[in-house]
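*Asks:* Sharing a structure, written as structure tokens. Questions coming.
Please treat every number below as a calculation from the coordinates, not as lab data. A quick note: this is a predicted structure, and the numbers were derived from the prediction, not measured. With ideal geometry, Cβ positions are generated from the backbone for all residues, glycine too; neighbour counts draw on all protein chains shown.
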Amino acid sequence: MNNKFIPNKKIILASKSPRRQQLLKDLGWEFTILTKDIDESFPNHLKREEVALYLCEHKANAFVEELSEDTIVITADTIVCLDDLIINKPEDAQEAYAMLRKLSGRKHDVYTGVCISSGTKRTSFFVQSSVYFKELSDDEINHYIEHYKPFDKAGAYGIQEWIGFIGIEKIEGSYFNVMGLPIKQVYEAVMQF
């Protein structure tokens, strides 16, 4: 497949996330994956949606040298928020269990910030979705952690995995946003380039 709707543009996805890579592939776009180690800390005074925007823009700043008029770099960051608590990626199984126990039976919000840059233009936005988990049993949480090892996922879960199949009662907003990339909005933003 080629980038039919964005001719003469080279796309770089600056993400190690297999979910983001798969979503862009499913869109039919050809792209290069290029990643850099970026400090993902952020100022404490930022609001939830501002954190996702800050992080995706911070990541984009590391790719200034790769930018040209014919190159588009896509950076993104997804955060999971329970009330005012930002739930990051778990360090280990114990932390993953604690995170999923907190999310169990509750509504939480997922924010993905996206920054799309070229040599002449930059746009940033965030998308918010609300996710409602059923009350999860200890056996369900432990089974998920043991078999799916969600240590690279904000909130310690992937909506497209087993825990999403059995545990999510409803979503308000974009499913793909919860996966890590609001693909419709990314498509529309890239089309503006």
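*Asks:* Put +1 on the Cβ of each Lys and Arg and -1 on the Cβ of each Asp and Glu in the chain; which of 54, 86, 133 then has its Cα farthest toward the positive end of the dipole?
*Replies:* 54
*Asks:* Do any cysteines of the chain lack a neighbour Cys whose Cβ is under 4.7 Å away, and which are they?
*Replies:* When partners are defined as cysteine Cβ atoms under 4.7 Å apart, the chain leaves 81 without one.
*Asks:* Hey, what number do you get for the chain at 222 nm if only DSSP H runs of n ≥ 4 count, each worth -39500 (n - 2.57), divided across all residues, to the nearest 500?
*Replies:* Numbers: 7 runs with 65 residues, N = 193.
So the helix-based figure for the chain works out to -9500 deg cm²/dmol.
*Asks:* In whole angstrom, and with the biggest value first, how far do the Cα coordinates of the stretch 96-159 range along each principal axis?
*Replies:* Between the extreme Cα coordinates on each principal axis of the stretch 96-159 lie 52, 22, 15 Å.
*Asks:* Let me ask you something else. Just to be sure I understand: with springs between alpha-carbon atoms less than 10 Å apart, which residue in 58, 108, 45 has the highest mean-square fluctuation in the Gaussian network model of the chain?
*Replies:* In this elastic network of the chain, the residue with the biggest mean-square fluctuation among 58, 108, 45 is 45.
*Asks:* Rg (Å, one decimal) plus Dmax (Å, integer) for the alpha carbons of the chain?
*Replies:* In order Rg, Dmax, the Cα atoms of the chain give 16.9, 52 Å.
*Asks:* What are the equivalent ellipsoid semi-axes of the stretch 1-89, built from the alpha-carbon gyration tensor (square roots of five times its eigenvalues), in whole angstrom, biggest first? Provide the component values of the computation, followed by the final result.
*Replies:* Details: eigenvalues 149, 47, 22 Å².
Ellipsoid half-lengths, sorted descending, are 27, 15, 11 Å.
*Asks:* Compute the Kirkwood hydrodynamic radius of the stretch 63-109, taking the inverse of the mean of 1/r over all pairs of distinct Cα atoms, and give it in Å to one decimal. Display every interim value, and only then the final one.
*Replies:* Working: mean 1/r = 0.0744 Å⁻¹.
Kirkwood radius, the stretch 63-109: 13.4 Å.
*Asks:* Continuing with this model, one more query. Which log10 I(q)/I(0) values does the stretch 29-134 give at q = 0.18 Å⁻¹ under the Debye formula, counting every alpha carbon as one identical point scatterer?
*Replies:* The Cα Debye sum returns log10 ratios of -0.92.
*Asks:* Under 10 Å from the Cβ of residue 84, count the other residues' Cβ atoms, weight Lys and Arg +1, Asp and Glu -1, and hand me the total. Write out the running numbers ahead of the final one.
*Replies:* On the way: positive: 47, 48; negative: 83.
Overall, the nearby charge balance is +1.
*Asks:* Among the listed pairs 59/102; 89/184; 16/107; 107/170; 25/59, give every one whose C-alpha distance is greater than 18 Å. If you can, show how the numbers build up before the last one.
*Replies:* On the way: 59/102 29 Å; 89/184 25 Å; 16/107 28 Å; 107/170 9 Å; 25/59 21 Å.
With Cα atoms farther than 18 Å apart: 59/102; 89/184; 16/107; 25/59.
*Asks:* For the stretch 1-108, which GluC sites (Glu not before Pro) are in a loop by DSSP, counting at most 16 other Cβ atoms within 10 Å? Please report the intermediate quantities before stating the final value.
*Replies:* On the way: sites: 30, 40, 49, 50, 57, 65, 66, 69, 91, 95; in loops: 30, 40, 69, 91.
Of the GluC sites (Glu not before Pro), the ones in loops of the stretch 1-108 whose Cβ has at most 16 other Cβ atoms within 10 Å are 30, 40, 69, 91.
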